[in-house]
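Participant: Structure provided below as structure tokens; questions to follow.
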Ligand SMILES: Cc1ncc(COP(=O)(O)O)c(C=O)c1O
């Protein structure tokens with residue numbers, strides 16, 4: 001029997017996007033969460049002037065990039081990570097999708113990927129692409145993984161446990177200490193996707209590496225922090241033995257972040273001012289989005305982190321609410337079903353459009 005990939009979730013929104021686009025003023029697309037704000041000019045300048053086009057980049061990342069990431073870990077998250085324990089990736093989606101297959105090569109006796117039941121779809125897809133079992137871990141009402149609900153038989157087969165803080169889509173903040181301890185007790189690597197860490201609203205930003213590097217890896221991205229989704233730049237760091245394995249394997253797989261991208265990423269990581277500005281934008285837009293969904297009869301909590309509003313659909317049907325927002329407001333969101341069966345009944349809105357576009361939606365909804 002042949003296998004065909006399922007439809008890409010966001011492609012399923014195309015008919016509704018077309019309908020919203022037909023309204024005067026067009027669609028306000030908050031579905032995928034594509035950044036629309038400009039990256040810092042110095043970063044774009046570095047991209048254009050690195051002189052790194054000619055030669056192959058090193059798969060692990062340039063020494064400058066790894067040093068910049070190490071300094072960023074110290075400055076922003078207060079943890080010491082040697083540059084040698086940092087690796088570059090070609091955006092983090094690539095790493096998330098590929099990791100289960102690589103971990104399986106490391107330990108063929110295990111075949112299971114544990115991931116939050118409401119989450120970024122690529123955790124489960126990475127398992128599928130590697131021919132592994134994807135086992136969803138229940139989450140609580142705030143989107144945090146419930147470690148106690150993991151069946152020990154699944155844990156014994158687990159290649160890794162994914163956690164995501166702040167979480168996409170619900171914005172929850174996991175107890176990362178507890179997740180690390182859970183993994184260490186069972187020899188299950190815990191991979192902590194922290195790509196929204198600088199958009200933590202409740203308390204300081206947090207990393208799993210604060211509990212030590214043993215058995216854990218933190219994954220980070222410049223896509224949203226610096227509005228650089230288009231250049232594909234991320235990094236990961238943690239457990240020395242796991243890192244040595246992954247850094248070496250990725251060389252063989254030809255996974256290389258381009259040199260100009262590493263140069264731009266190095267500049268971006270050294271600057272926090274633009275991230276402060278972006279944080280302000282997201283806070284403001286999230287607040288406005290809460291007002292907008294209330295015009296459509298929904299009440300959504302401000303998230304503990306991240307730039308998504310996770311909205312309970314009035315009436316409980318996520319697709320029906322997505323359709324109503326698209327047809328009445330020209331606003332395109334994502335049905336919660338995209339983030340797992342347990343996500344049904346919610347709609348995710350990414351706070352990526354400028355306020356004037358959100359005002360247009362509010363006006364359409366009668367606000
Ligand atoms: C939780 C999470 N992890 C990883 C990614 C991938 O980001 P990128 O590949 O742009 O680094 C995304 C993108 O939306 C995400 O939401």
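Participant: What list do you get for 146, 163, 197, 86 if you sort them by fewest beta carbons within 10 Å? Working shown, then result.
Facilitator: Details: 146 12, 163 31, 197 22, 86 25.
So the ranking, lowest neighbour count to highest, is 146, 197, 86, 163.
Participant: Can you tell me how the stretch 1-68 classifies by the Cα gyration tensor, rounded, prolate or oblate, using a/c under 1.5 as the rounded cut?
Facilitator: Details: a/c = 3.53, a/b = 1.58, b/c = 2.23.
Since a/c reaches 1.5 but b/c is at least a/b, the shape of the stretch 1-68 is classed as oblate.
Participant: Place a point 7 Å from the Cα of residue 54 along the Cα-to-Cβ direction; which residues of the stretch 258-290 have their backbone N under 16 Å from it?
Facilitator: 259-260, by backbone N distance to the label point.
Participant: Take the alpha-carbon centre of the stretch 1-32, take the same for the stretch 120-136, and report the distance between them in whole Å.
Facilitator: When both Cα centres are located, 22 Å separates them.
Participant: Taking the Cβ-Cβ separation of residue 252 and residue 320 as r and a Förster radius of 41 Å, what is the calculated FRET efficiency to the nearest 0.05?
Facilitator: Values: r = 48 Å, r/R0 = 1.17.
Calculated value: 0.30.
Participant: In the chain, what % of DSSP beta bridges are antiparallel (nearest 5)?
Facilitator: 50
Participant: Once you sort the root eigenvalues of the Cα gyration tensor of the stretch 4-149 as a ≥ b ≥ c, which label holds: rounded (a/c under 1.5), prolate (a/b larger than b/c) or oblate (the other case)? Display every interim value, and only then the final one.
Facilitator: Values: a/c = 1.69, a/b = 1.07, b/c = 1.58.
Taking the square roots of the gyration eigenvalues as a ≥ b ≥ c, the stretch 4-149 is oblate.
Participant: I need 29, 11 ordered by Cβ neighbour count within 10 Å, fewest first. Show your work: numbers first, answer last.
Facilitator: Working: 29 23, 11 8.
The order, fewest Cβ neighbours first, is 11, 29.
Participant: With each pseudo-label sitting 7 Å past Cα toward Cβ, what's the residue 11-residue 146 distance in nm, one decimal?
Facilitator: Using points 7 Å along Cα→Cβ, the separation is 3.5 nm.
Participant: What's the Cα-based Rg to Rh of the stretch 216-367, Rh via Kirkwood?
Facilitator: Here Rg/Rh amounts to 1.08.
Participant: Further question: At q = 0.13, 0.18, 0.23 Å⁻¹, what base-10 log of I(q)/I(0) does the Debye formula yield for the stretch 142-235 when every alpha carbon is treated as an equal point scatterer in vacuo?
Facilitator: Values, matching the q order: -0.45, -0.81, -1.17.
Participant: Could you work out how much longer the chain between residue 22 and residue 245 gets when fully extended? Use 0.36 nm per residue separation minus the Cα distance between them, nm to one decimal.
Facilitator: Numbers: separation 223, 0.36 × 223 = 80.28 nm, distance 5.08 nm.
Once the chain is fully extended between residue 22 and residue 245, it gains 75.2 nm.
Participant: At what distance in angstrom do the alpha carbon centres of the stretch 51-71 and the stretch 96-118 lie from each other?
Facilitator: 27
Participant: So, one more: Ranked by Cβ crowding within 10 angstrom, fewest neighbours first, how are 221, 59, 49 ordered? Before the final figure, lay out each step's value.
Facilitator: Details: 221 25, 59 20, 49 11.
Lowest count first: 49, 59, 221.
Participant: May I pose another question? Cα-based Rg of the chain per 2.2 N^0.38 Å, rounded to two decimals?
Facilitator: So the chain has a normalised radius of gyration of 0.97.
Participant: Moving on. Given axes a ≥ b ≥ c from the Cα gyration tensor, I'd like to know whether the stretch 65-206 is rounded (a/c under 1.5), prolate (a/b larger than b/c) or oblate. Intermediate values should be presented prior to the final figure.
Facilitator: On the way: a/c = 1.66, a/b = 1.24, b/c = 1.34.
Oblate, because a/c is 1.5 or more while a/b does not exceed b/c.
Participant: Hey, another quick one. Compute the separation of the alpha-carbon centres of the stretch 308-367 and the stretch 205-272 and state it in Å as a whole number.
Facilitator: 32
Since every read-out is calculated from the coordinates, none of them should be taken as a lab result. Quick caveat: nothing in here was measured; it's all calculated off a predicted structure. Neighbour counts are summed over all protein chains in view; Cβ atoms, including those assigned to glycine, are modelled from backbone coordinates with ideal geometry.
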